[in-house]
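Let me begin by presenting the structure, written as structure tokens, before commenting on it.
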Amino acid sequence: MPVPKPMERKQAAYSNLDERYAIQGEKYQGQQYSHIYFTRLHHMRNLLHALVPSWKPQLPVTTVLGLEEGKDCIIVGTLYKHMKLKPSILDEYAKERSAIPLVKPHNFMHPDDHLILEDESGRVTLAGAIPPAAFVTGVVVALHGKETSAGNFLVEDVLEAGLPPQTALSSAAEDKYVVFVSGLSVGSDTFNPLQFQLLIDHVTGHLGDENEQSIASNIVRVVVAGNSVHISPRFVNGQTVASKDQSRIAEPIKELDIMLTQLVASLPVDMMPGCHDPANFSLPQQPLHRCLFSGASTYNTFSSCSNPHQFELDSVQFLGTSGQNIDDLYKYSDAKDKLEFMERTLRWRHLAPTAPNSLGPEKQKVRLISIPRFSESGVAVMLNLRNLECSTLSFSTSFDA
């Protein structure tokens, strides 16, 4: 019987582009966030002004202060969404003082919500063809309309920044795959170690027949997109942790490290933090400290990355988060699904507009991927670098038919 030829894993050229998300010793000095909004408006206004001549070349561009009643014009500014149900610090104070706990809704939208546009000169309430449900605070847009006798701005059309110019995708001749997995939640009641082990064995080529192993050899990278561990809330409530409980906090991380070590021994792995992981809370989240992964970090194939995470693989550019920005959009706006929220961030050209509070007109090609929680679904996502086609890897330990 002939000895089967050993398979070699394919390689891909990788560049980490996370430098822009690194926090270099900045400290909060008690200032407000106005400078962030001013900088955002300055950069986005330049982009929108360049698009106006091909959108409405016959109309003048003015400021909020320069509006004239009944005169058609274009104004550029930052949207502010006035929300009746949006929580405030006063609500938190009232909750602490109240014997009856306040109900905290998952979505803060209300029929009375309305939009305001502001620039350096002033602000104006918006009406007309700009539905409040589709927008959030922080988005910079150009609006065509006119001022009414009531002092509002009646919107007739909206211009968003849209996708930036895109370099053409290289025509790769062979299949290479990137596997995305998120929401492992090691340490939670929903975590199934056997399910995760099946994923590891498949990716590393220890599962399946020769055909499946051949496909696995084409996987060039795994991205673990946040929320990898679950630590009981009673250990992270700000209270001092008893010495007997300190080891229990570390158990999920140790278990994750053992399983990651199996992966990085076979191929490169990018590790992103999420909202439930031991990292700073607000975006951009900084990379998880390598000392948390005493086993995996000994391999040069292990990369602890920021959230958002940006990289390039064989000339294909990737940009992703662990989902906080999309979850926040759900709280303050409406869409049919999470992919629509993701599409809006591209049209707005802003990854997280609510922070701190076939797409594109030029045939840009973008693949949007919403990764399910692995601990609940047993599903990972596999992307082909050659054509950006996606498929799912589904693992189950149930014997149900």
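The values are calculated or read from the model by the stated rules, or taken from the named source; none is laboratory data. These figures come from a predicted structure and were not determined experimentally. Positions of Cβ are generated from backbone atoms using ideal geometry, with glycine treated the same way; all protein chains shown enter the neighbour counts. Ligands, DNA and RNA are stripped out before the accessible areas are found, and what is left, the full protein with its side chains, is counted by its heavy atoms. Shrake-Rupley method; radii C 1.70, N 1.55, O 1.52, S 1.80 Å.
Which one is modelled with the lowest pLDDT, of the residues in the stretch 235-281 that are hydroxyl-bearing (Ser, Thr, Tyr) and open to solvent by 70 Å² or more (accessible area, probe 1.4 Å)? Break it down stepwise before answering.
Step one: list which residues in the stretch 235-281 are hydroxyl-bearing (Ser, Thr, Tyr), which gives 240, 243, 247, 261, 266.
Imposing the further condition that a residue be open to solvent by 70 Å² or more (accessible area, probe 1.4 Å) reduces the set to 240, 243.
Numbers: Thr240: 71, Ser243: 74.
Residue satisfying both the conditions and the ranking: Thr240.
Would it be correct to say that Asp175 is touching a Lys or Arg at 6+ places or on another chain (Cβ under 8 Å) and closer than 20 Å to Glu389 by Cβ? Taking the combined requirement at face value, the residue satisfies it. The set of residues in the stretch 288-307 that are crowded, with 20+ Cβ neighbours inside 10 Å, out of contact with any Pro (no Cβ under 6 Å at 6 or more places or on another chain) and either more than 21 Å from Ala265 (Cα to Cα) or aliphatic (A, V, I, L, M) (or both) contains only Ala296.
Within the stretch 335-351, restricting attention to residues that are farther than 14 Å from Val140 by Cβ and among the charged types (D, E, K, R), the residue that is surrounded by the fewest Cβ atoms within 10 Å (Cβ to Cβ) is Lys336. Based on this model, can you work out whether Gly138 counts as outside the structural domain of Ile249 (by the TED database), over 25 Å from the mean Cα position of the chain (by Cα) and of a type in the set (Gly, Ala, Ser)? Judged against the criteria, Gly138 is not a match. Listed by position, the strands (runs of 3 or more DSSP E) inside the stretch 109-206 whose residues that are under 30 Å from Val264 (Cβ atoms) and among the basic types (Lys, Arg) number at least 1 form an empty set. Answer yes or no as to whether Leu329 is buried (at least 20 other Cβ atoms within 10 Å of the Cβ), at pLDDT 90 or above and in a helix (DSSP H, G or I). When the stated conditions are applied, Leu329 passes them. If the condition is being of a type in the set (Asp, Glu) and open to solvent by 20 Å² or more (accessible area, probe 1.4 Å), then the stretch 104-137 contributes Asp112, Glu118, Asp119, Glu120.
Examine the stretch 344-355 for a residue that is of a type in the set (D, E, K, R), under 26 Å from Arg45 (Cβ atoms), in a helix (DSSP H, G or I) and at pLDDT 90 or above, and state whether such a residue exists. Checking the stretch 344-355: at least one residue is of a type in the set (D, E, K, R), under 26 Å from Arg45 (Cβ atoms), in a helix (DSSP H, G or I) and at pLDDT 90 or above. Scanning the stretch 138-162 for residues that are open to solvent by 10 Å² or more (accessible area, probe 1.4 Å) and in contact with a His (Cβ under 9 Å, 6 or more places away or on another chain) yields Glu156, Asp157, Val158, Leu159. Residues that are part of a helix (DSSP H, G or I) and either touching a helix residue (DSSP H, G or I) at 6+ places or on another chain (Cβ under 7 Å) or of a type in the set (Asp, Glu) (or both) within the stretch 244-282 comprise Asp245, Ile249, Glu251, Ile253, Glu255, Asp257, Met259, Leu260, Thr261, Gln262, Leu263, Val264, listed in sequence order.
Scan the stretch 117-152 residue by residue and report those that are hydrophobic (A, V, I, L, M, F, W, C) and out of contact with any Gly (no Cβ under 9 Å at 6 or more places or on another chain). Write out each step before concluding.
Kept after step one, since they are hydrophobic (A, V, I, L, M, F, W, C), are these residues of the stretch 117-152: 117, 124, 126-127, 129-130, 133-136, 139-143, 150.
Ala133, Ala134, Phe135, Val136, Val139, Ala150 - these are the residues of the stretch 117-152 that are hydrophobic (A, V, I, L, M, F, W, C) and out of contact with any Gly (no Cβ under 9 Å at 6 or more places or on another chain).
Looking at this structure, is Phe311 open to solvent by less than 20 Å² (accessible area, probe 1.4 Å), assigned by the TED database to the domain that holds Gly226 and in a helix (DSSP H, G or I)?
Here the answer is no, as Phe311 does not meet what is asked.
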